[in-house]
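Some notes on the structure that comes next.
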C-alpha cells in the first residue's frame, strides 16, 4: 500500500510514518501539512491511499476529499479524526471516505485498520455514544446477539476476533451476520457497518474470555 499522509502537525506525521512503515507492507510516499499541497503531491507520488486529518489548514477537509476523488477516483481516502463526533464521521463517509480512524487508536492497530478500510471490510471509528440496546434491537428486529455482532463489525473487528471474544465459532458469527443483513436490508459487511455507524452502535463485544473468569 502506497500512502500519502496529510495532517497539520509535523509531529503527528512523523509518528504516522514510523508506525506505518514499521509494518513492512505500507510505503509512505509523501506528506502534506496544508490542503493546497494535496493535489500536486497525489499527482506526483501516485499513492493508492490518502490518510488525512479532519482539520487541515488551507481548506475544508471534506472539500479536499471531494477534490481528490473527483480527480483520482481510484484513490482511497481514510480520515484521521481527533474525536468520535458522529456528525464528522458520517459526513466523511457521505463524501466518499472509505474509513475513519480515531487518533486514539492503539498504534499497533493502525496498519490493520488502514488495510480494513481500504479493503472496505469495515468502517473504522470507535467511541460513539451507543443507543439503547433494547430499543435498537426492537427497532431493527435484531436479536441482542445480532446487534452485538453488527456493532463489533462497525468497530473494525474481524469475524475471527468476534468469535474469539464472544466464545462462539466463526460460522456462528457468519450465521448471525447473514440474519442481521436480511433484517436491516443490507447485502454486505460494509453496508452493515455503515448502518451501525449511523446509529452510534459500534462497540467492542463485551462477553470476552476475561469477563468469564471467576
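Throughout, read-outs are computed from the coordinates displayed, never taken from laboratory work. Note that the structure is predicted; figures quoted are calculated from it, not measured. Reconstructed Cβ throughout: ideal geometry from the backbone, glycine too, with neighbour counts over all protein chains shown.
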- Would you mind computing, in nm to one decimal, how far apart the modelled labels at residue 21 and residue 83 are, each placed 7 Å from Cα along Cα→Cβ? 3.3
- Task: Pop the C-beta distance of residue 9 and residue 198 into the FRET formula with R0 = 22 Å and round what comes out to the nearest 0.05.
- Result: 0.15
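For a Förster distance of 41 Å, can you work out the FRET efficiency between the beta-carbons of residue 172 and residue 104, rounded to the nearest 0.05?
About 0.85, to the nearest 0.05.
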